[in-house]
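Each value in this text was obtained by applying a stated rule to the coordinates, not by laboratory testing. As the structure is a computational prediction, the values presented were derived from the model and not from experiment. So basically every Cβ, Gly included, is an ideal-geometry build from the backbone, and we count neighbours across all protein chains shown.
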Amino acid sequence: MAVAVVTDSTSDIDPARAASLGIAVVPLFVVFGERSYRDYVDLTRDAFYHKLETERDLPITSQPTAAMFADAFRPHVEAGDAILCVTVAAQLSGTINAARAAATEFPGARIAIVDSGSVAGGLGLVAMRAAELARAGASLEAVLADLEERRSGAHFYACLRDLGHIARTGRIGRAQAVIGSLMKIVPVLTLRDGVVTPEAQVRTFARAQETMLDLILRAVTDPSKARFLALHTRAPQLAQAAADRLRARLGGVEPELLEIWEAGPVIATHGGEGAVGVFLAQG
């Protein structure tokens, strides 16, 4: 029995790459006023930033419907495949609940719904790892065991130029954002149990970027087996600089993966323009 991998669009895997890996991606929605747009489908990155600059209403996001997940599951169920659906952290979105509801429509199918505990590049790394194992012929149980084993080796740190977006969308406390702005403190954010949490607080954005790299490198157990992603929101130069400094600080060891990705509209809605983060997967 083959294993099909399904994820959601907060994984920020390039659509062409997801298709080549056989990963089905269910889009979340970006909402400007009364109009909803499917992430990466109806709304490109460029169109999103144009709307951000010209629309009166600031965007919010919403989760996919159960029917959207059911549509993604159905062809694999009909083909007799097992399905692994890995989603954005449940603390950040109700997306996983839509996936679970969809799974109940196929009572005879083998569908595993997994909370990645992560988002963006972290979720993307998990989905790609699952797809690699599935393509190599691993069983559903083997893929699940591998993902669970690697969970403790996953880390994420990010720097945001403006905490207003993430506070407005409810992913970090408004009081914390206001205090940070008044005191001119730049937090380095992480995910702890799926919750966005400040890991360190410094005085400048430049220092925050260095601290972000210090923290991610401190978490590395074997550089040769590490997978890194530098993710940005319309700030390619920041992501490139982070990737270059990461490579330089690895002491000549070539990691298993070191790539630069640009986040899509849903992630940019929460992070704002000019954010940069680094994800680590290992194990």
Item to check | For 51, 225, order by how many other beta-carbon atoms lie within 10 Å, fewest first | outcome: 225, 51
Item to check | Extension reserve of the residue 240-residue 162 stretch, reckoned as 0.36 nm per residue once the Cα distance is removed | outcome: 26.1 nm
Item to check | Contact order normalised by residue count of the chain, Cα under 8 Å, 6+ apart, percent | outcome: 21
Item to check | Extension gain, residue 193 back to residue 105 (0.36 nm per residue minus Cα-Cα distance, nm) | outcome: 28.8 nm
Checklist entry - To the nearest 20 debye, what charge dipole does the chain have about its Cα centre, counting +1 at the Cβ of each Lys and Arg and -1 at the Cβ of each Asp and Glu? => result 760
Item to check | segment 20-34 - phi-based ³J(HN,Hα) in whole Hz, Karplus 6.51/-1.76/1.60, Gly and Pro as x | outcome: 5, 8, x, 8, 7, 10, 9, x, 7, 10, 10, 10, 10, x, 9
Checklist entry - Between residue 44 and residue 152, what is the label-to-label distance in nm when each label sits 7 Å out along the Cα-to-Cβ direction? => result 4.5
Checklist outcome for this item: For the residue 35, residue 221 Cβ pair and Förster radius 51 Å, calculated FRET efficiency rounded to 0.05 is 0.65
Item to check | Full-stretch length increase - residue 248, residue 60 - with 0.36 nm per residue and alpha-carbon distance subtracted | outcome: 63.9 nm
Checklist outcome for this item: Fewest-first ordering of 212, 128, 1 by Cβ atoms within 10 Å yields 1, 128, 212
Checklist outcome for this item: In deg cm²/dmol, rounded to the nearest 500, the helical mean residue ellipticity at 222 nm of the chain, built from -39500 (n - 2.57) for every DSSP H run of length 4 or more, is -12000 deg cm²/dmol
Checklist entry - Taking the mean number of other Cβ atoms within 10 Å as a proxy for protection, how do you rank 259-272, 71-84, 190-203 from highest to lowest? => result 259-272, 71-84, 190-203
